[in-house]
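To start, the structure itself, in structure tokens.
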Amino acid sequence: TNNSGGNHPFRIQSTTGTSGTPYNTGVTNNGATSGNIVFKVPMSAPSTLYYQCTSHGSMGNTINIV
């Protein structure tokens, strides 16, 4: 749940950075500034994805799928 008040759009991506490539497979509401972002990990997901605030480069990290 993104409760940041609209200042931090949250996105799951396949590449890093604020202009990274969105990963939308299994993701509902990707890039939302508020509300729920749901990620149902598909069997075809890569082993590494990233989460990122698309307004702030230092607000993101790695998602390791095992």
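The values are calculated or read from the model by the stated rules, or taken from the named source; none is laboratory data. Remember, it's a predicted structure, so these values are computed and weren't measured experimentally. For the accessible areas, the whole protein counts, side chains as well, though only heavy atoms, and no ligand, DNA or RNA atoms are used. Shrake-Rupley method; radii C 1.70, N 1.55, O 1.52, S 1.80 Å.
Over the chain, average the accessible area per residue using a 1.4 Å probe and give it in Å², no decimals. List each step's numbers first, then the result.
On the way: 4020 Å² over 66 residues.
I get 61 Å² per residue for this part.
May I ask you to give the percent of accessible area on the chain that is carbon plus sulfur, with a probe radius of 1.4 Å? Please list the in-between numbers first.
Working: 1930 of 4020 Å².
Result for the chain: 48 percent of the exposed heavy-atom area is carbon or sulfur.
What is the percent of Cα-Cα separations in the chain that go past 15 Å? Intermediate values should be presented prior to the final figure.
Details: 993 of 2145 pairs.
Result for the distance tail: 46 percent.
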